[in-house]
Amino acid sequence: MPVNFYDFSALHDDKLISEIKEKFDQIFKENSFIEGSFNDEFEKKFALLQGNKNCLLVANGTDALEISLQAIDIQPGDKVGVPGITFYATAEAVINKGATPVFIDVNPESGLLCPDSLKRICEKHQLKAVIPVHIYGHPAPIKEIEEICDPLGIKIIEDGAQSQGGNYLHGGPIGSSKNLITYSFYPTKNLGAFGDAGAILTQDSKLAEKIKSIRNHGRSPNGYCLIGRNSRCDSFQAAVLLSKLKYINGQNQQRKKIAQWYFENLQDLNLKLPPKEMIENSAWHLFPIILDNRDHIKTELAKKEIGTGLYPGKAVGDEEPLKNYPGERENSEKFAANNLCLPINPFISEEQVKQLATCLRELIN
Ligand SMILES: *Cc1c(COP(=O)(O)O)cnc(C)c1O
């Protein structure tokens, strides 16, 4: 029985598609193609889901990061901390704003930003901001990061691209903190559009106004007030997101159940599972395990039509265009070299998990 890494056919069933088509018809009737009423409705509901006051839809997750950096006044030459385990775009956004990424090492168990590494980096570099990433849907240790950053005046932007619907370890939905948080709705994320979209959440209504202006060429109700850009979200993507939003809690529950099945079925194998405290809180975007001989095992599983992924295949600071930027990389490099993400889309059955576990057992032991 094949195990698909993603399962868009199951995700986008007839019921959902007809709901989305109805909303599309409404857009055709109203001719409001950009920032229409679905955008407003989605922004309200998504802010509520994540425990925040303001949600601003933008064109994609990378723009959400760049716009957030502009909103907190990051200037060319400023240094911004980025964890070594993330998607390339987290560092790319920093460079595109003219700033310098400084790589912070990660916790070797979770792949999340390591507060001790951040402390050491802060002694050497004067950071203006840091971007902890809720990678795999796991909550980054935001309380500890705030304790380090707040006294030094270092601003925090959380990259929540993989964490829709997850919870902090200290409680409350990821996205309910005082920090800016960015989202991507790339189709493979827990909440995905039918194309590109992203969002920024903030508790600060002044920052929300500024972000609203940046995403629409610096416009404000009284004319142009700053140099912005075009990062509007179209009404079609908002309609898709709005239709899919009501299913995310149920789907995340299912992801959690699959994670539990993996814990039950893989615990006696010679590999490292994610930290146990993640079970309850993670949004389980991905299920990364750490093991020897990763590439061989990936190939063997592929022969049995079991889809796996390398997220990331390399520490982001080791990518060619990023390798000369400063920072700490050791644990990130080890983590990236040995991690393999198992399928955890919400349509995987317990039987499939058991079958995958049997394959892994034969390959490892
Ligand atoms: C997907 C992702 C992004 C980028 O989002 P896009 O919508 O593709 O621009 C940024 N950070 C992380 C951690 C991501 O997973």
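A few remarks follow.
- With respect to the conditions (1) crowded, with 23+ Cβ neighbours inside 10 Å; (2) touching a Lys or Arg at 6+ places or on another chain (Cβ under 7 Å), ALA93 falls short on a single one, namely (2).
- Some residue of the stretch 61-74 being in contact (Cβ under 8 Å) with a residue 24 or more places away in the chain, away from the ligand (no atom under 15 Å from the Cβ) and surrounded by fewer than 21 Cβ atoms within 10 Å (Cβ to Cβ): yes
- Residue check, ALA161 part of a loop (DSSP other than H, G, I, E, B), more than 23 Å from LEU245 (Cβ to Cβ) and within 13 Å of the ligand (Cβ to nearest atom): no
- Here is the figure for the stretch 38-82: residues that are among the polar types (S, T, N, Q) and assigned to a loop (DSSP other than H, G, I, E, B) total 4.
- Per-region count, the stretch 196-219, residues open to solvent by 10 Å² or more (accessible area, probe 1.4 Å) and either under 13 Å from GLN50 (Cα atoms) or near the ligand (Cβ under 10 Å from one of its atoms) (or both): 2
- For first residues located in the stretch 272-287 and farther than 16 Å from TYR6 by Cβ, partners that are within 16 Å of the ligand (Cβ to nearest atom) and at pLDDT 95 or above and lie 6+ apart or on another chain with Cβ distances below 6 Å form the pairs PRO275/SER110; MET278/HIS138; ASN281/PRO139; SER282/GLY137; SER282/HIS138; SER282/GLY166.
- Cβ pairs under 6 Å, 6+ apart, first in the stretch 85-110 and within 12 Å of the ligand (Cβ to nearest atom), second among the acidic types (Asp, Glu): THR90/ASP159; ALA93/GLU66; ASN96/GLU66
- Selected residue (criterion: farthest from the ligand (Cβ to nearest atom)) from residues of the stretch 270-312 that are open to solvent by less than 70 Å² (accessible area, probe 1.4 Å) and of a type in the set (Ser, Thr, Tyr): THR308
- Screening THR182 on (1) under 17 Å from GLU35 (Cα atoms); (2) open to solvent by less than 20 Å² (accessible area, probe 1.4 Å); (3) within 16 Å of the ligand (Cβ to nearest atom); (4) of a type in the set (S, T, N, Q) shows it passes everything except condition (1).
The values are calculated or read from the model by the stated rules, or taken from the named source; none is laboratory data. Please read all numbers here as calculations on a predicted model, not as lab measurements. Because the Cβ atoms are built from the backbone with ideal geometry, glycine has one as well, and the counts that use them run over all protein chains shown. Remember, those area values only see protein heavy atoms, side chains included, never the ligands or the DNA or RNA. Shrake-Rupley method; radii C 1.70, N 1.55, O 1.52, S 1.80 Å.
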